[in-house]
1. Which condition breaks for A:ALA125 when tested against (1) at pLDDT 90 or above; (2) assigned to a helix (DSSP H, G or I)?
2. Working only within the range A:10-28, note down all residues that are in contact (Cβ under 8 Å) with a residue 12 or more places away in the chain and either in contact with a strand residue (DSSP E or B) (Cβ under 7 Å, 6 or more places away or on another chain) or at the interface with another protein chain (Cβ under 9 Å from one of its Cβ atoms) (or both).
3. Hey, could you check the range A:1-18 for residues that are more than 20 Å from the chain's Cα centre (by Cα) and modelled with pLDDT of 90 or more and say which is surrounded by the fewest Cβ atoms within 10 Å (Cβ to Cβ)?
4. If I ask for residues that are of a type outside the set (Phe, Trp, Tyr) and either assigned to a helix (DSSP H, G or I) or at pLDDT 60 or above (or both), which ones from the range A:92-112 would you list?
5. Give me the residue from the range A:143-182 that is free of Cβ contacts under 8 Å to residues at least 12 places away in the same chain and of a type in the set (Lys, Arg) and, out of that set, farthest from the other protein chains (Cβ to nearest Cβ).
6. Has the range B:61-75 got at least one residue that is among the polar types (S, T, N, Q), at pLDDT below 90 and out of contact with any Ser or Thr (no Cβ under 8 Å at 6 or more places or on another chain)?
7. When the residues of the range A:31-54 are filtered to those that are more than 9 Å from every other protein chain (Cβ to nearest Cβ) and part of a helix (DSSP H, G or I), which remaining residue is farthest from A:GLU124 (Cα to Cα)?
8. Name every residue in the range A:55-91 that is among the acidic types (Asp, Glu), in contact (Cβ under 8 Å) with a residue 40 or more places away in the chain and assigned to a helix (DSSP H, G or I), in order of residue number.
Amino acid sequence: MAAMTESEPRTDASLAAAWGAGDEGAAAEIVRRHAGAVARFLYSSGAGRSDVDDLVQEALFRGFRKLDTWRGEASLRSWLCRIAGNLLKDEYRRQRGRHLVSIEDDQVVDSADPHAEAAANESEAQLRAGLQTLPRLQREVFLMRAQQGCEYGEIAAALGTTPGSARVHYHHAVRRLKELVS
Amino acid sequence: MSICEAVSDRMSSVAAGRSEWSAGELAHLAACRECAAEWKLVSAASMLGLGIVVDQAGLTAAVLERVRAARQGDRQRRWVARSAQLAGLAIAAVALLTIIPRGRQAAPVQPLLIVAMQAPAGLPLAELDGAAPAELEAVLTEFDAPTPAGSSLDGPDVEGLDVSQVERALRSWEES
């Protein structure tokens, strides 16, 4: 029975509580679960690939510093993405409007089908560029929904809006992206 | 809810790998250009940035080190704040201990006692401050002179009276 309990994955809430009690192993598990998602969210939101590591570190640092304020209405991942989004906004302001989108050549990876890979990279670049033209809330709702797989309720909790409003933002984002990307 | 809305609501779940399209949904996606375009966007977004690799061990170590340093800074700030509070309290306590005894000395009891004890020599008579030595001497001489007869205090000798006579005399003084 005890072995079964030990094998059950710990919830984010229990990890957060353990971290609050000083368990650094819980912090490591939180990083393992969510750092990649936060990195992808930042990258998709316009952070340059070379900046992603520093931004993820900063977002997680800020998250751990105020983890006791996370109430669990939003998932921990969407809550961390929200912090990352705020961080990116601050970074954007700090750089006085310099566009953060950075489509580097090193995104192209070796492939058995270079043409297909190039097309995929072009498609990805188009999508990233299109995302940059969206208002921030539309972009974050779209990414939380389409990339992170969040429900409208948790998106609303993370972004401080209502599920209905989140749904509307998502559909506006989709409509604009269809025009820009297709 | 229309079929387009239903399919749209299922897209994130399918893109995240939590579920799969049903045959009916696949048929709809094949027939509906709008839904197909949305699905293309959602599936592309779900793969966006998949090539980004995070050094989790290094990241964890760096984040925890920063958090530890920040907590240490917090503790130091709290210690400084508490020290300042304690110092303030200590200063306030010293000030109170210094002021309260002075306040007690200044209380009316002690000066009255002093005045009472020193009354013969220390009666405050401001009108004598500017008097010349000869005038002061005259005043003192007047004080030393016997009280004139007829004074209410030095009236007839009361030593020979009994208690009832003394009471009558006192009553008559009170009434007068």
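The values are calculated or read from the model by the stated rules, or taken from the named source; none is laboratory data. Everything numeric in this text was worked out from a predicted model, so none of it was measured. In this analysis, Cβ positions are derived from the backbone assuming ideal geometry, glycine residues included, and neighbour counts consider all displayed protein chains.
1. For A:ALA125, the failing item is (1).
2. If the condition is that a residue be in contact (Cβ under 8 Å) with a residue 12 or more places away in the chain and either in contact with a strand residue (DSSP E or B) (Cβ under 7 Å, 6 or more places away or on another chain) or at the interface with another protein chain (Cβ under 9 Å from one of its Cβ atoms) (or both), then A:ALA27 is the only one that fits.
3. A:SER14
4. A:ARG93, A:ARG94, A:GLN95, A:ARG96, A:ASP105, A:ASP106, A:GLN107
5. Checking each candidate, the answer is A:ARG175.
6. yes
7. First pass over the range A:31-54, keeping only residues more than 9 Å from every other protein chain (Cβ to nearest Cβ): A:33-34, A:37, A:45-48, A:50-51, A:54.
Then drop every residue that is not part of a helix (DSSP H, G or I), which leaves A:33-34, A:37, A:45, A:50-51, A:54.
Working: A:ARG33: 24, A:HIS34: 22, A:ALA37: 17, A:SER45: 12, A:SER50: 17, A:ASP51: 18, A:ASP54: 22 Å.
Selected residue: A:ARG33.
8. Passing the criteria: A:ASP68, A:GLU91.
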